[in-house]
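Notes to accompany the following structure.
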Amino acid sequence: MGFAGGIVATAMSLKAIVNGTGRGVIGWISDRYGRRNTLIIVCLVLGSAQFGVFFSGDIGSMPFFLFCSMVSGFGGGAIFPLFAAMTADYFGENNNASNYGMVYSSKLISGLVGSGVGAVVVGAWGYGGAFALAGSIGLASAVLAVFLRAPGRPSARRIEPNPYPISREIS
C-alpha cells in the first residue's frame, strides 16, 4: 500500500474506536428496521469497504484509506451484537446462551482458518487479490442474507389471520 507504519497504526486505532461504536448503533438500527435488513446492509458496507481499503492504498489516498478502514471497523463491530439478537429472534429465548455460543464459535473457526487462508491468498494473489476476495465474500454474504429465514416457521404469506381475534371474544 505504501503508507507509513504510523498511518496504518492510526487507522487501526480509529478502526477499534469505530468498531465499538458500531455495536450500539447497529443494535438500535436493527430494532427499528429489522435484523435481516440490517445484516444485508452491514454485509454490503463491509464488502464495499474492503474494495475501498485496497483502492485507497493503490492510489495513495490517506484520507480515503482512513475512512474505508473506519467503515470496515464499524461493520465488523456491528456483526456480533446483530448475531446475538438474530439468534434469539430466529431460535427463541429458550437455550439462547448455548445457541449463541454455537453462533459465536464461528469467530473461532474464521480466526483459525481465515488467517491461514488469508496468508495463502496474499502469497498467491497479492494484496489486491486478498481484498478483492474479502470484498466479494462480503457482497456474497449480503446476497445470502436476502434468503435468511427463521427455521421451522411458516412463511408470512402462509399465515392466515384469525377470523375471531381475542379482542372480539372478550367484549
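The values are calculated or read from the model by the stated rules, or taken from the named source; none is laboratory data. Since the model is a prediction, treat every value here as computed from it, not as a measurement. Ideal geometry is used to build each Cβ from the backbone, glycine not excepted, and the neighbour counts take in all protein chains shown. Just the protein is used for accessible areas: all its heavy atoms, side chains included, with ligands, DNA and RNA removed. Shrake-Rupley method; radii C 1.70, N 1.55, O 1.52, S 1.80 Å.
For the pair residue 32 and residue 13, label points projected 7 Å from Cα toward Cβ lie 3.1 nm apart.
Measuring nothing but protein heavy atoms, the accessible surface of segment 17-61 at 1.4 Å probe radius is 63 percent carbon and sulfur. In plain terms, the chain from residue 21 to residue 157 could stretch by 45.3 nm, reckoned as 0.36 nm per residue minus the Cα-Cα distance. Label separation (residue 105 vs residue 93): 2.6 nm, computed from points 7 Å beyond Cα along the C-beta direction.
Between 122, 45, 53, the Gaussian network model of the chain with springs among Cα atoms under 10 angstrom shows the greatest mean-square fluctuation at 122.
Solvent-accessible area per residue in segment 1-147 equals 55 Å², computed with a 1.4 angstrom probe and all protein chains kept.
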